[in-house]
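Shown next, in structure tokens, is the structure this report addresses.
The values are calculated or read from the model by the stated rules, or taken from the named source; none is laboratory data. Here the structure is a predicted model, which means the values were calculated and not measured. Positions of Cβ are generated from backbone atoms using ideal geometry, with glycine treated the same way; all protein chains shown enter the neighbour counts. These area figures cover heavy atoms from the full protein model, side chains too; ligands, DNA and RNA do not enter into them. Shrake-Rupley method; radii C 1.70, N 1.55, O 1.52, S 1.80 Å.
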Amino acid sequence: DFRMQAVGNALNGFWPECDDHVILYQQESTLDCAIVWEGSDDVLDWLSNFNFGPSDWCGFGMVHSGFKAKALRMLGGIDFNQVIRNKLDKCNKVTVAGHSLGGAQAELFAACANARHVEAWNVEKRLSSWLKGTPERMTPF
């Protein structure tokens, strides 16, 4: 059985009608989780897509500035920290996915979360990290 339950939904909106969503799902039998990032769906997302100047990310070198800005905005948001990151220690494994702009943010998050060469004080590393705990079933929302 590969049924997954949504167990967290982070919303980051700083402009009316331009909200970004990240949803945390948990597979009931394995307790594996997936963080799913929403793709481009409004004018501010497209402005981020076109902001392609270089910017450093998590010690990897230069990445797309707009993708970095959107990822940092979500990762640093109250919702993500209280509703998503707060639950990651209850996951057996964590997979990330996204479409379009969400795919870029998912890749930035995963790269930094799995980076071994980055100092703990690095802001991107701190926002992309969590301590693994004992997997447990979470309550769907």
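Here are the numbers:
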{"read-out": "Output for the stretch 94-136, where each listed residue is touching a strand residue (DSSP E or B) at 6+ places or on another chain (Cβ under 7 Å) and of a type outside the set (G, A, S)", "value": "V94, T95, V96, Q105, L108, F109"}
{"read-out": "Selection from the stretch 45-72 of residues that are open to solvent by 50 Å² or more (accessible area, probe 1.4 Å) and aromatic (F, W, Y)", "value": "W46, F50, F52, F60, F67"}
{"read-out": "Selection count where residues are assigned to a helix (DSSP H, G or I) and open to solvent by 30 Å² or more (accessible area, probe 1.4 Å), scope the stretch 86-98", "value": "4"}
{"read-out": "Pick from the stretch 99-117, criterion surrounded by fewer than 18 Cβ atoms within 10 Å (Cβ to Cβ) and in contact (Cβ under 8 Å) with a residue 60 or more places away in the chain, ranking: farthest from N86 (Cα to Cα)", "value": "S100"}
{"read-out": "Test result for D42, on the phi < 0 side of the Ramachandran plot, free of Cβ contacts under 8 Å to residues at least 40 places away in the same chain and either within 14 Å of the chain's Cα centre (by Cα) or open to solvent by less than 60 Å² (accessible area, probe 1.4 Å) (or both)", "value": "yes"}
{"read-out": "Selection count, the stretch 100-132, where residues are assigned to a loop (DSSP other than H, G, I, E, B) and at pLDDT 95 or above", "value": "0"}
{"read-out": "Conditions (1) surrounded by 14 or more Cβ atoms within 10 Å (Cβ to Cβ); (2) farther than 21 Å from A97 by Cβ; number of the one not met by L75", "value": "(2)"}
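Quick grid of which residues meet (1) at pLDDT 95 or above; (2) basic (K, R); (3) out of contact with any helix residue (DSSP H, G or I) (no Cβ under 8 Å at 6 or more places or on another chain):
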site: V22; (1), (2), (3): no, no, no
site: S29; (1), (2), (3): no, no, yes
site: C33; (1), (2), (3): yes, no, no
site: S40; (1), (2), (3): no, no, no
site: V43; (1), (2), (3): no, no, yes
site: L47; (1), (2), (3): no, no, no
site: F52; (1), (2), (3): no, no, no
site: S55; (1), (2), (3): no, no, no
site: F60; (1), (2), (3): no, no, no
